Structure formats: C-alpha cells, structure tokens
Amino acid sequence: MKKKIILNIEGMHCPMCEKNLSAALKETEGVKKAKVSLADKTATVVYDDGKTGEEQIRAAVKDAGYQVL
Ligand SMILES: [Cu+2]
C-alpha cells in the first residue's frame, strides 16, 4: 500500500543538500516520491510499504549524511 511520511531533517545547509537528499531518497527501493524542503527542514516521502518502511527511509537519510529528528 502507498504511504506518506513527513520527516524532520537536520543538517541541510544549502540547495545542494536539498538535491542530494532528494536524489538519495528517490533512489531508495520502494520510494515513489520524495520532496525535500530546505526551508521547512522536511522530507515528504511517498512509499510502497510492501517494499520499504520508515526505518529504511530514515536509514537512507542517514546514509546521505543528514539526521532525522
Ligand atoms: Cu549543502
């Protein structure tokens, strides 16, 4: 099933961070959509919960070098 989460992200400082994280999330298996906002410090992710979960998405954020609050 399709699910949507909004994560609060710490560690983004410029538009490149926004792009990097957005790209990293989109490459994550099971992620359908990812919208990252530097201004709001959030990542809105739509994913297929049959393929991935919140834990994997949080891990993808960490692997990209940012923190999830
Ligand atoms: Cu940056």
Determine whether the stretch 61-68 contains at least one residue that is surrounded by fewer than 15 Cβ atoms within 10 Å (Cβ to Cβ) and at positive phi.
yes
For the stretch 1-17, which residues satisfy the criterion of being within 10 Å of the chain's Cα centre (by Cα) and not hydrophobic (A, V, I, L, M, F, W, C)?
Asn8
So, Lys4, is that one at pLDDT 95 or above, on the phi > 0 side of the Ramachandran plot and not polar (S, T, N, Q) or not?
no
Working only within the stretch 7-23, note down all residues that are surrounded by 12 or more Cβ atoms within 10 Å (Cβ to Cβ) and more than 13 Å from the ligand (Cβ to nearest atom).
Leu7
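The values are calculated or read from the model by the stated rules, or taken from the named source; none is laboratory data. Here the structure is a predicted model, which is why all the values come from computation and not from measurement. Cβ sites come from the backbone with ideal geometry, for glycine too, and all protein chains shown count toward neighbours.
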